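Just below is one structure, and these are the notes that go with it.
The values are calculated or read from the model by the stated rules, or taken from the named source; none is laboratory data. As the structure is a prediction and not an experimental result, all values here were calculated from the model. All Cβ positions, even for glycine, are placed from backbone atoms using ideal geometry, and neighbour counts span all protein chains on display. Side chains included, ligands, DNA and RNA excluded: accessible areas come from the protein's heavy atoms. Shrake-Rupley method; radii C 1.70, N 1.55, O 1.52, S 1.80 Å.
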Amino acid sequence: MRQSPFIALLALTLLYAAPAAARQDAPDEPPLVPEPTEEEPLVPAEPEGTPAEIPAPGVHSLTQADLAAWLDGFIPYALADGGVAGAVVVVVADGDVVLAKGYGYSDLESHAPVDPAHTLFRPGSISKLFTWTAVMQLVEQGKIDLDADVSEYIDFDLPERDGDRPITMRDVMTHTTGFEERLKKLITPDPENAEPLGESIASWVPRRIFPAGSTPAYSNYATGLAGYIVERVSGQSFDDYLDEHIFAPLGMHESTFRQPLPEQLAGQMSKGYADTSGEAQPFEIVNPAPAGSLSSSGTDMAKFMLAHLNGGELNGVRILEPATARTMHETMLTMLPPLNRMALGFYETDVNGRDVIAHGGDTQWFHSYLHLFLDEGVGLYVATNSAGKQGAAHSIRTALFEQFADRYLPGPEPSGEVDPKTAAEHAALMAGTYTNSRRAETTFLASLNLFGQAKVVDNGDGTITVPAVTDLSGAPKVWREISPYVWVEEGGDERLAAVLKDGVVQRFSMDTFSPFMVFEPVPWWKSSAWLLPLLNASLAALVLTALLWPVKAVVRRRYAQPPLLSGMDLRAYRWGKIASWAVLAVLTGWALVVTAMFSDLSLLAGVFDPLILLLQVLSIVVFPVGVAIALWHAANVWRGQRRWPAKVWSIVLVVAFTTVLWVALAFDLIGFGTDY
């Protein structure tokens, strides 16, 4: 699924590193990346060397020969350097497949090469485009109304939001339902944890944290809901509907949403890897299946691209009427002009002044992107079967798209400027701490929001930096203002823009995220700008307090010294140390559980539910009681004859315990429930 990016929710996901030269394998070993394989076009292609369009002077022609030469010089080296096992790249233009090539291995152990016609990859959230196509077929038939309350189509209740209108299918398709992030049982390798679609969607409905239609917040749950509506309205299972109404008409015989894979396709599935140094990973079960369970070959994805580029038709078979396809492609939701926008299911990835609609996709092991240049009739699809070293797959697909566009479809880059005084004023207004809209807010995973906040820095020269957003070299991008509250990255063409009200920034985003995620100022009481330093200092104080207790005891015993305190003072002192150990133990428990859950998404399947319940009970008891003990201890210290260091430290401990309680309350560590 598409990851975002900052946080594990976005997970994860702003990983950029430039592909470099391939490593040299030892002569007696098979090469890391074998020779690419090539698939014949689905329909007769133009003669080799004939451009798919008339190029401008100095522009490369989009021919099979030129494309193959360029890709063969780029992809194998990028895969080898990035530690990515295999990839498939498909390019279509003017109704034909220009090129479909496999690179690297689908199975490292057997050295099986990637076959673009038969090797199956997991396109992740690109699966959503098939779900949206199915929805639009039913819209076309009058069975779904894009602007009706989606509750009319389902058999369970969606949460209401005070003063808010109902959620519509248009909201679902544009990721503006307002749902918070839901992660439980998102991906699991265990077929025993697979859930029927209706059960998965109805078991726990995430809270609505934004008004419907107001805020882009990418939602796998909402897409699963759309797939369930397809089932309910059509009277077929989601899998059967896709087989009958999309895959069969387009001749996509190497594609399925079914999990586990049907027997006839199971042997064609590429293995998935973290990188080339690791072992093959199990087949992933995506529980909101309509959001990301597709398995498909490269040439099958070519058929889907060609159908959409041709107004919903391929080889005389139509899956959408032209008007419906145009509605799907061109109905744009403008939230942050002039940035990329969300269409009905697709989203913009405009480049070089050209209209491009697209979708990306990520599972744990597979990483993909699909781009359609609408006016030029060109489509580009790339998928890898490994994340690679330091997330190299993200770098590869980003670089491939940008270099493809610059080579074959160049155009003007964003330009403009503002005067230095205005740039300095606007940079100062932008400086601050922000949280992204794709987040958990009412579950214990809200704790990640403290560590995933985005900082905007005023560089003092009229430019700004978002340290978490880096370029392909890994350096933070520097943004220069080109028009009021619109910036462009220096040395690139990605834009950043903000919306203000009464001189205060309300939200901002970047072209990469703007269709489905925005960043909003963090309320002061949740801001990591002051909370994180204070929390770190508080934890240091608690650790020091906890560790010095046994150290002092050992020293006193070694030198046969009696305790310096007695009575109530001694009891308060000891309980303060016990409370420090207890708070640190509970926080350590939370840290270990959350870290483990995101180290392996299969652990989001409820494995830790008993421990989560225990930690919630302990948090409810330990954090408030810790504050009470700290206050009691401080009162005893200040009433007695203790020296000033003890008095100061007692106040430090009150602040430390209170800070932990504040964070626990603000980020929902104090709560009860195992839905997240």
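Data table
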quantity	calculated
Chymotrypsin sites (Phe, Trp or Tyr not before Pro) restricted to the stretch 556-638 and DSSP loop, no more than 15 other C-beta within 10 Å	TYR559
GLU244/ALA540 FRET efficiency (R0 60 Å; Cβ-Cβ; nearest 0.05)	0.45
Gain on full stretching of the segment that runs from LYS552 to GLN268 - 0.36 nm per residue minus C-alpha separation	95.7 nm
Percentage of interatomic Cα-Cα distances in the stretch 116-163 larger than 12 Å	75 percent
Carbon plus sulfur fraction of accessible area for the stretch 466-540, probe 1.4 Å, in percent	61 percent
Gain in span if fully extended, ASP155 to GLU417, counting 0.36 nm per residue against the direct Cα distance	88.9 nm
Cα pair distances of the stretch 460-599 binned at 5 Å [whole percent]	2, 7, 10, 12, 12, 10, 8, 8, 7, 6, 5, 5, 4, 2, 0
Taking the chain and dividing mean pair separation by its residue count, relative contact order in percent (alpha carbons under 8 Å, at least six apart)	16 percent
Exceeding the 32 Å Cα-Cα cut-off - candidates LYS184/LYS577; LYS101/LYS184; LYS184/LYS389; LYS101/LYS185; LYS184/LYS455	LYS184/LYS577; LYS101/LYS184; LYS101/LYS185
Entry for Rg/Rh (Cα atoms, Kirkwood Rh) (calculated from the structure that is shown) out of (i) 0.97; (ii) 1.02; (iii) 1.00	(ii)
1.4 Å probe accessible area per residue over the chain, in Å²	40 Å²
Quarter of the Cα convex hull surface for the stretch 228-342, i.e. its orientation-mean projected area (nm²)	10.2 nm²
Two-site label geometry, THR588 and GLU425: point separation in nm, points 7 Å out along Cα→Cβ	5.4 nm
Environment charge at ARG165 (Cβ cut-off 13 Å; Lys +1, Arg +1, Asp -1, Glu -1)	-3
Label-point gap, in nm, between LEU613 and ASP164 - each point 7 angstrom along Cα→Cβ	2.9 nm
Aspartates and glutamates whose Cα lies under 16 Å from that of LYS647, excluding same-chain neighbours fewer than 8 positions away	ASP569
Cα-centred dipole magnitude for the stretch 535-676, charges only on beta-carbon of K, R (+1) and D, E (-1), debye, nearest 20	1240 debye
Heavy-atom accessible area ranking, 1.4 Å probe, most first, across HIS633, HIS245, HIS253	HIS253, HIS245, HIS633
Virtual spin-label span in nm between ALA596 and VAL621, 7 Å along Cα→Cβ	2.0 nm
Set of aspartates and glutamates near LYS271 by C-alpha distance (under 19 Å), chain-local residues within fewer than 8 positions excluded	GLU35, ASP107, GLU109, ASP115, ASP190, GLU254, GLU263, GLU279, GLU284, ASP300, ASP362, ASP600
3J(HN,Hα) from dihedral phi, the stretch 337-354, Karplus parametrisation 6.51/-1.76/1.60, rounded to Hz, x for glycine, proline	x, x, 6, 4, 10, 8, 8, 8, x, 6, 9, 6, 9, 4, 8, 6, x, 10
Accessible surface of ASP147 - all protein chains present, 1.4 Å probe, nearest 10 Å²	90 Å²
